[in-house]
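So the structure is just underneath, and the comments pick up after that.
The values are calculated or read from the model by the stated rules, or taken from the named source; none is laboratory data. Computed from a predicted model, the values in this text were never measured in an experiment. We place every Cβ from the backbone using ideal geometry, glycine too, and count neighbours over all the protein chains shown. Surface accessibility is based on the protein's heavy atoms, side chains included, excluding ligands, DNA and RNA. Shrake-Rupley method; radii C 1.70, N 1.55, O 1.52, S 1.80 Å.
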Amino acid sequence: MKVLFIGPPGAGKGTQASRVSERLGIPHISTGDMFRHQVSTGTELGQRVDAIMKAGEYVPDELTVSMLRERMSEPDAEQGFILDGFPRTAGQVEALDGLIGEDGLDHVVVFEVNEDELVERLLARGRADDTDATVRNRFKVYQDQTAPLLEIYQGRGSLVDVDGIGPLDEVTDRILSALEARNAERVEQTAP
Ligand code: ADP
């Protein structure tokens, strides 16, 4: 199963992606985690992206896409994956289409969380890029560059809305049930 998790910063995508990936036995591919790893190990890429992340800006597509492309070529990604935080721009959608085709994603899970809850969560988390000013900029960048992607995936019929508020286990169960229900629908539609 090939799934994308999308939603504003702080929506809980990463936490849920790692839980769902464990339950489904498919890899969790997070460009945010990959970049943070580059930064913490001090690679050349890490040095280039550190300041960008701290400012709450997006890393240029060229760097993001080549890192993602490499990850997707590893054998464990062949059967399926949960993409978390990629694609985030129209250019990244195009790159992903080039890798897996326009109908390559089975489901696009959209996290619905209200903004006050989000800000509270982010400030409580205290990651290096979770300062007040950065958080505000990350929302703006999300609204400008990533929110429009929902329309693209809506048009392809792959969107699944999930309420991201509530206890962790409940949200995980909601996602798994939503995916199951959609898989069942698809089987029915393709049955002779
Ligand atoms: P969040 O969803 O809370 O913003 P992520 O871990 O997904 O957290 O991303 C953290 C930061 O990493 C982003 O603000 C951005 O600077 C960078 N980043 C991650 N994924 C991408 C991407 N697909 N394109 C550009 N920048 C990215």
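Let me have the 222 nm mean residue ellipticity of the chain computed from DSSP H runs of 4+ only, each contributing -39500 (n - 2.57), with the sum over all residues rounded to the nearest 500.
It lands at -17500 deg cm²/dmol.
Here LYS140 is the anchor, and the lysines within straight C-alpha reach of less than 25 Å, apart from those fewer than 8 places off in the same chain, are LYS13, LYS54.
With all protein chains present, how much of the accessible area of the chain (probe radius 1.4 Å) comes from carbon and sulfur, to the nearest whole percent? Show your work: numbers first, answer last.
On the way: 4830 of 10030 Å².
Of the solvent-accessible surface of the chain, carbon and sulfur hold 48 percent.
Taking every alpha-carbon pair in region 120-172 and binning the separations at 5 Å intervals from zero gives 4, 16, 15, 17, 21, 19, 7, 1 percent. With protein chains left intact and a 1.4 Å probe, residues in region 69-192 average 56 Å² of accessible area per residue. Simple rule: put +1 on each Lys or Arg Cβ and -1 on each Asp or Glu Cβ in region 4-111, find the dipole, and look at GLY80, GLN47, ILE29; the Cα lying farthest toward the positive end is GLN47.
Using only Cα positions of the chain, each an equal point scatterer, no hydration layer, compute I(q)/I(0) via Debye at q = 0.08, 0.11, 0.17 Å⁻¹ and quote the log10 values to two decimals. Result of the Debye calculation: -0.25, -0.48, -1.22. LEU150 contributes about 40 Å² of solvent-accessible surface, heavy atoms of the protein only, 1.4 Å probe. Between the residues THR131, GLY91, LEU168, the greatest Cα displacement towards the positive end of the dipole of the chain, with unit charges on the Cβ of Lys, Arg, Asp and Glu, is found for THR131.
By the scheme Lys and Arg +1, Asp and Glu -1, what is the net charge of all other residues having a beta-carbon under 14 Å from that of MET53?
Here the count lands on +1.
What is the Cα centroid distance between region 148-192 and region 24-45, reported in whole angstrom? Comparing the Cα centres of region 148-192 and region 24-45, I get a distance of 25 Å. The loop-placed trypsin sites (Lys or Arg not before Pro) in region 89-134, going by DSSP, that have at most 15 neighbouring Cβ atoms within 10 Å of their Cβ come out as ARG127.
Let's see if you can work this out: charge +1 on each Lys and Arg Cβ, -1 on each Asp and Glu Cβ, no other charges. What is the dipole magnitude of the chain about its Cα centre, in debye to the nearest 20?
Once rounded to the nearest 20, the dipole reads 360 debye.
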